[in-house]
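Report on the structure given below.
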There are 4 protein chains.
Amino acid sequence: MTKRCKVAVLGATGLVGQRFLQLLESHPWFETSTVTASEGSAGKRYRDAVNWLLETPLPEGAGERVVRRTRPEEVDADFVFSALDSSVAGPIEEEFARSGVPVVSNASAHRMDEDVPLLLADVNPEHVALLPAQQQRREFSTGFLVTNPNCSTVGLVTALKPLDDAFGVEAVSVVTMQAASGAGYPGVSSMELLGNVIPFIAKEEEKLQSEPRKILGRVAKATIEPARIVLTAQVNRVPVVDGHLESVSVKLRRKASVAELEQALSEYVSGPQRAGLPSAPERPVIVRAERDRPQPRLDRMAAGGMAVVVGLIRPCQILDFRFTLLVHNTIRGAAGAALLNAEWLVKKGLLGPRDEISPAQAGNEATLVS
Amino acid sequence: MTKRCKVAVLGATGLVGQRFLQLLESHPWFETSTVTASEGSAGKRYRDAVNWLLETPLPEGAGERVVRRTRPEEVDADFVFSALDSSVAGPIEEEFARSGVPVVSNASAHRMDEDVPLLLADVNPEHVALLPAQQQRREFSTGFLVTNPNCSTVGLVTALKPLDDAFGVEAVSVVTMQAASGAGYPGVSSMELLGNVIPFIAKEEEKLQSEPRKILGRVAKATIEPARIVLTAQVNRVPVVDGHLESVSVKLRRKASVAELEQALSEYVSGPQRAGLPSAPERPVIVRAERDRPQPRLDRMAAGGMAVVVGLIRPCQILDFRFTLLVHNTIRGAAGAALLNAEWLVKKGLLGPRDEISPAQAGNEATLVS
Amino acid sequence: MTKRCKVAVLGATGLVGQRFLQLLESHPWFETSTVTASEGSAGKRYRDAVNWLLETPLPEGAGERVVRRTRPEEVDADFVFSALDSSVAGPIEEEFARSGVPVVSNASAHRMDEDVPLLLADVNPEHVALLPAQQQRREFSTGFLVTNPNCSTVGLVTALKPLDDAFGVEAVSVVTMQAASGAGYPGVSSMELLGNVIPFIAKEEEKLQSEPRKILGRVAKATIEPARIVLTAQVNRVPVVDGHLESVSVKLRRKASVAELEQALSEYVSGPQRAGLPSAPERPVIVRAERDRPQPRLDRMAAGGMAVVVGLIRPCQILDFRFTLLVHNTIRGAAGAALLNAEWLVKKGLLGPRDEISPAQAGNEATLVS
Amino acid sequence: MTKRCKVAVLGATGLVGQRFLQLLESHPWFETSTVTASEGSAGKRYRDAVNWLLETPLPEGAGERVVRRTRPEEVDADFVFSALDSSVAGPIEEEFARSGVPVVSNASAHRMDEDVPLLLADVNPEHVALLPAQQQRREFSTGFLVTNPNCSTVGLVTALKPLDDAFGVEAVSVVTMQAASGAGYPGVSSMELLGNVIPFIAKEEEKLQSEPRKILGRVAKATIEPARIVLTAQVNRVPVVDGHLESVSVKLRRKASVAELEQALSEYVSGPQRAGLPSAPERPVIVRAERDRPQPRLDRMAAGGMAVVVGLIRPCQILDFRFTLLVHNTIRGAAGAALLNAEWLVKKGLLGPRDEISPAQAGNEATLVS
């Protein structure tokens, strides 16, 4: 790639949209060319349309940008990041892809479509192999759809992947304690969450119980054969701003020790690490030895928010092992995951400045899997 | 009982001690005669010795009382409630019992002693049958030791008991989200808990994994045969003042439906309910049908804080059923549990004004079990 | 009054509406006959229309009630409590009054109308004297409008009134730390308030700077001559569920000592106290001597939430005295204030069962002031 | 300075000590040579002695350091930063200075000593002129004592200084909403602060009312003539981790407009800015135009936590102007202030590697004021 990619952020005023702009501010490969939002915000300066809620200042450049409507003809970009609300994302993302623009999406709309990669570049990088068949089946020319998982799923599968590789994962029980930012803005009322825990998040248990099976599945003939893992999830919202904590129990297919689990987790690397991608954490999983970690306030920004932090690995009386994990839900669990996915797509020749890439470059399934 | 019992509260300045005084303020059977605390507080008015942290005012009478040292000779009482710190409670409670004063304790020191009932009056009322043998073995005259479980255990076993009666409980996996008050005062620093979750509470998992087996065990020859239940627990501290929330999965011995579980839970009553004891909730378990309940802020004061609230009962992909429960940790889970235990002991003729009760009245194991 | 008044709660699904239903549940004089809400909720059972957010259970009776639209013809009541949103309350309240139904309102719409009492029954009970002229001027038959102040104003003027009576208040500087419930539901997003303070509440400073002058003003010829007090306010939203805390400085017209202020505040009583009204706190102001009180969590429920708690009275280097006050913003500061106002109106013969009261009974300004 | 200064952090395990180590980790001029703590921690690795509570990881190098006792003979440093608890800091700091080691302290012990600069390098840089006389009077050779103000004072005086320069400040009324970290660790119990506000912080009002008069005073004959400003303060602790918010009213000596205040504040620079010191924020004060800023969560890290953020400047009905300010209490308000002070002392030739600086270099009062 000889020049930077122009990228648009769709749904840029929401919390995940804000994270995209924050992470893109100093990105070496990508530069924000367009921000879009709903009709009510179109035409305003981004600064005036957004209720900026991140702890770093609104990037100067983004603030002055005029917000566009979320339509292909209003967007000038080599590809788009979608931070659209899942209730509207489905047809809009399809429309963009059809117009020739690759869509790297954080929305749930297409995640379980059988021809759409549910991608975490350092967990299942080989799932990009679905793309040629997707383009063919949907009659896309240069466009395509790639999604990343739900925020709580990201934390879970990032920890499960090294264990699955090393020992085989058979069953997983997870109880989550999820942060307010996972619900977006305005999301949960302060009247509901202050000094309280809410044991319900719409559709979250379903996602946690289905997405990992696809992500950890294997590519077979342009589709994904789901992993045979039994999952059960209970989800809770806690009064924390950022950082989902998850208490996990796992049953493994092969015998293992706590030390072997720690080693498998802390030594795990994947394609993005080997390729030295700009947003790839040095290690996707950081294992902490303290008896009281991970904690959301102290650990969510590990590796810039891109590492999943695991602690308290110990035997389980019912399944085999228990541990606690933490994932920064809007970085590793959303915008950062999409960003790393995009970098991986660039690396694989599937994304790039429009005049430097052609559909032909995308190669075929075989080369993408390797 | 023709007159009210005089009771002392040992360790009255702590959070659980405060709850005892709050609950005793208008108790029909018991009246506070003595409050004790550590050496540093002895001799002060209670009002000046305590950092009162409850949302109702310090009871007038208690406030004016002079704090005594925690020694039998300083206490004038028919029996004592112990809210002592578990690190010191062991020998002190034994000393009181040996001096002839029954001890109804919330401390953990003697909970797992084989001759000491780990009692929840509306869960295992028959466990008082251990007392005659305890008095004999420890050579106590009129004194004895009765304990109640750890706060998070109280919530769990109160919900398990109706299920165990109806279907048999084989295995339990629980993840807790526990309130700050469970750590006492000063307990957890605000620097650690504000906007955070801490996945560690000292000795808590061990208690959750051992206490239920004793509580749900059966009396056999003046000892308890533990229930054969496998338990695994993961504990977390959340930024909530009062109310422990627990995400539970259970494996049952007999087939059941969600409706049958709801019925078993919501219809459960025990001795204290049948006897109409003053602190007994109408139903130990309240089942809520909403998809987002129980919640600590909204449900902890159900039945004056004495009911355990259960919701979200649904099948589990790994064990049989999942549900969420809430227990007010310093009422039902501590002071209120001890109070109900004392009422039950009165009902069984084991406690009362000293001139109205004799050791002979305590009867034998056989009558106590019935 | 030989029988109970039938009352409707307008806007019953909001937070203040919920407080009305909670406080009315066991009211000796009033019984809820109708609950109204917006079009979207009309026709549903109240239980299904409301997101109940109070820490006591939804009253059984209210839960089963069918929600009506907020129109006079749908309401069967001797008078109505208005918990309507201020953006819509103005014309609706007027319509009810015009239809013959007295309106006791918590909304801000008519507060500063010169013929509408801005009433706190134990602060300015004589302001009901505006009503005959109001009825005449607006051509109301049996209906009329009475309002209570903004929640933060209620706390402030309740503390200022005894000082104004005793020493004359010349200037007031107040900085508030207001609870989330003051913004209603959903109100402030948890993303904005968790671990944060927001130094802005729309129109709040204006209310704090204008309402006290009317409330502490004197009735003169069917109008209010505003008190000559200079007020300056700065408002902040803090992550607290209920209870507005206010740091106040006052300049008095006459010399006084801290002890005299304490005495004036703690001895203050007014008409509702002398009349023994059911919702009247024994003393409108409770003075605490501790160096760290009042606190929202510990003091908001003083006198059932109907007393204002004052502490930390000490000299001020710029004005004369400083103190800190706390008001339960949705009880004393909203629904409870309206309830006490209604009781006072009953006491003055201005409200009652329709067949027991006639406009003629309302008397004239002279008798109402006394 | 041709090489880096070796610095010791006294009291390194506390919250302010942690901030020192965090800020020193990549400092261009200073490197941590020794960390000290109380007897109980001496001999341990810092990693094992500290309960690290900051959101960035414990610096690798510091973690491996062996903790020393806080005695001059255990410390190898060109100068020391003192994060000692104020209850013990007084004699220890004096002992270090007497042993020849300059002390740059955050503790309150010596702040109001008449020969000790109460320094904020970009507010009153000329106060270093006290040092020659201090050394002479106390018979220090190369050692001396320099202190920085209390955290809430830092925020206040940084905003007052530009106004005092431009318009003269005559009177100040301030109400603070202070973060938990200001109380150190463990500091305030979570039981006291969750969902609550505490209107008391020991000695804080006294500091806010006295320190600004010294800081804004003028150097005259080796002493400080205090500024003639009347100050009144009310302090509150709010459930926020970091960032003190302050609602301020000021009376000025000369007429001014809101625009002129904004200009004076936002254009203010001082010696450290002109000298380009490494820790100096580009502007000590950032003025925000939004109606709801500053906010602790969003603004505390402005300029790396070294800028004071001011907003909501508007007229006051009693004094002249009101505004709200925010200061990061452990960066700008503590460790960062001391660091900038040390940089300024280096710039003035008063600190440096021991073999590059001599007492003679310290110059005299005249050159230090300029």
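The values are calculated or read from the model by the stated rules, or taken from the named source; none is laboratory data. Quick caveat: nothing in here was measured; it's all calculated off a predicted structure. Cβ placement follows ideal geometry from the backbone for every residue including glycine, while neighbour counts extend to all protein chains displayed.
Exactly one of (1) at pLDDT 95 or above; (2) more than 14 Å from chain A (Cβ to nearest Cβ) is unmet by B:Lys221. Its number?
The one condition B:Lys221 does not meet is (1).
When you scan the range D:9-127 for helices (runs of 4 or more DSSP H) that lie fully inside it, which ones turn up with 2 or more residues that are at pLDDT below 95?
Numbers: elements: D:15-24, D:46-49, D:60-64, D:86-98.
Counting at least 2 such residues, we get D:60-64, D:86-98.
Being charged (D, E, K, R), farther than 17 Å from C:Val7 by Cβ, without any contact (Cβ under 8 Å) to a residue 60 or more places away in the chain and surrounded by fewer than 20 Cβ atoms within 10 Å (Cβ to Cβ) is the requirement here; does C:Glu39 meet it?
For C:Glu39, the condition - charged (D, E, K, R), farther than 17 Å from C:Val7 by Cβ, without any contact (Cβ under 8 Å) to a residue 60 or more places away in the chain and surrounded by fewer than 20 Cβ atoms within 10 Å (Cβ to Cβ) - is met.
From the set of residues in the range B:186-219 that are of a type in the set (Gly, Ala, Ser) and within 23 Å of the chain's Cα centre (by Cα), which is nearest to A:Leu193 (Cα to Cα)? Talk me through it step by step, then tell me what you get.
Let us first name the residues in the range B:186-219 that are of a type in the set (Gly, Ala, Ser), namely B:187, B:189-190, B:195, B:202, B:210, B:217.
Still in the running and within 23 Å of the chain's Cα centre (by Cα): B:187, B:202, B:210, B:217.
Details: B:Gly187: 22, B:Ala202: 26, B:Ser210: 33, B:Gly217: 38 Å.
Out of the qualifying residues, it is B:Gly187.
I'm trying to understand the selection: among the residues of the range A:284-299, which are over 24 Å from the mean Cα position of the chain (by Cα) and of a type in the set (Lys, Arg)? Break it down into steps so the answer makes sense when it comes.
Initially, the range A:284-299 is screened for residues over 24 Å from the mean Cα position of the chain (by Cα), giving A:289-292.
Passing the criteria: only A:Arg291.
Do we have any residue at all in the range C:216-230 that's within 23 Å of C:Asn329 (Cβ to Cβ) and in contact with a strand residue (DSSP E or B) (Cβ under 6 Å, 6 or more places away or on another chain)?
yes
Of (1) touching a strand residue (DSSP E or B) at 6+ places or on another chain (Cβ under 8 Å); (2) within 14 Å of chain A (Cβ to nearest Cβ); (3) surrounded by 21 or more Cβ atoms within 10 Å (Cβ to Cβ), B:Leu145 satisfies all except one. Which?
The failed condition is (2).
Out of all the residues in the range C:50-91, which are of a type outside the set (Lys, Arg), farther than 30 Å from B:Met306 by Cβ and surrounded by fewer than 22 Cβ atoms within 10 Å (Cβ to Cβ)?
As a first pass, look at the range C:50-91 and keep what is of a type outside the set (Lys, Arg): C:50-64, C:66-67, C:70, C:72-91.
Add one more test, that the residue is farther than 30 Å from B:Met306 by Cβ, and what stays is C:66-67, C:70, C:72-91.
Once the filter is applied, which keeps residues that are of a type outside the set (Lys, Arg), farther than 30 Å from B:Met306 by Cβ and surrounded by fewer than 22 Cβ atoms within 10 Å (Cβ to Cβ), the range C:50-91 yields C:Val66, C:Pro72, C:Glu73, C:Glu74, C:Asp76, C:Asp85, C:Ser86, C:Ser87, C:Val88, C:Gly90, C:Pro91.
Return yes or no: is D:Glu139 of a type outside the set (S, T, N, Q) and buried (at least 20 other Cβ atoms within 10 Å of the Cβ)? Give the steps one after another, and end with the answer.
Numbers: of a type outside the set (S, T, N, Q): yes; buried (at least 20 other Cβ atoms within 10 Å of the Cβ): no.
No: the conditions fail for D:Glu139.
Regarding D:Pro315, is this residue within 22 Å of the chain's Cα centre (by Cα) and either among the aromatic types (Phe, Trp, Tyr) or outside the structural domain of D:Arg19 (by TED's automatic domain parsing) (or both)?
On the way: within 22 Å of the chain's Cα centre (by Cα): no; either among the aromatic types (Phe, Trp, Tyr) or outside the structural domain of D:Arg19 (by TED's automatic domain parsing) (or both): yes.
In short, no.
Take the residues in the range C:274-314 that are β-branched (Val, Ile, Thr) and touching a residue at least 40 places away in the same chain (Cβ under 8 Å); name whichever of them is nearest to C:Ala179 (Cα to Cα). Walk me through how you get there before you give the answer.
To start, the set of residues in the range C:274-314 that are β-branched (Val, Ile, Thr) comprises C:285-287, C:308-310, C:313.
After this cut, where a residue has to be touching a residue at least 40 places away in the same chain (Cβ under 8 Å) as well, the list is C:285, C:308, C:310, C:313.
Numbers: C:Val285: 20, C:Val308: 15, C:Val310: 17, C:Ile313: 22 Å.
Filtering the range C:274-314 for residues that are β-branched (Val, Ile, Thr) and touching a residue at least 40 places away in the same chain (Cβ under 8 Å), the one nearest to C:Ala179 (Cα to Cα) comes out as C:Val308.
Checking the structure you have, find out if any residue of the range D:311-320 is more than 14 Å from chain C (Cβ to nearest Cβ) and surrounded by fewer than 21 Cβ atoms within 10 Å (Cβ to Cβ). Give the derivation first.
Taking the range D:311-320 as the starting set, the residues that turn out to be more than 14 Å from chain C (Cβ to nearest Cβ) are none.
Checking the range D:311-320: not a single residue is more than 14 Å from chain C (Cβ to nearest Cβ) and surrounded by fewer than 21 Cβ atoms within 10 Å (Cβ to Cβ).
What number of residues within the range A:227-276 satisfy the criterion of being surrounded by fewer than 17 Cβ atoms within 10 Å (Cβ to Cβ) and within 14 Å of chain B (Cβ to nearest Cβ)?
Here the count works out to 2.
Which of the residues belonging to the range A:6-35 are over 20 Å from the mean Cα position of the chain (by Cα) and crowded, with 20+ Cβ neighbours inside 10 Å?
The initial filter retains those residues of the range A:6-35 that are over 20 Å from the mean Cα position of the chain (by Cα), namely A:6, A:33-34.
Within the range A:6-35, just A:Thr34 meets the criteria.
Kindly indicate whether C:Leu54 is of a type outside the set (Val, Ile, Thr), over 30 Å from C:Leu163 (Cα atoms), within 20 Å of the chain's Cα centre (by Cα) and within 14 Å of another protein chain (Cβ to nearest Cβ).
On the way: of a type outside the set (Val, Ile, Thr): yes; over 30 Å from C:Leu163 (Cα atoms): yes; within 20 Å of the chain's Cα centre (by Cα): yes; within 14 Å of another protein chain (Cβ to nearest Cβ): yes.
Here the answer is yes, as C:Leu54 does meet what is asked.
Name the pairs: first residue in the range A:179-197 and within 7 Å of another protein chain (Cβ to nearest Cβ) and among the basic types (Lys, Arg), second residue assigned to a loop (DSSP other than H, G, I, E, B) and buried (at least 24 other Cβ atoms within 10 Å of the Cβ), Cβ to Cβ under 9 Å, at least 6 apart or on different chains?
Note: no pairs meet the criteria.
Quickly run through the range A:300-311 and pick out the residues that are over 18 Å from the mean Cα position of the chain (by Cα) and either farther than 18 Å from A:Val174 by Cβ or not assigned by TED's automatic domain parsing to the domain that holds A:Ser270 (or both).
The answer is none; no residue qualifies.
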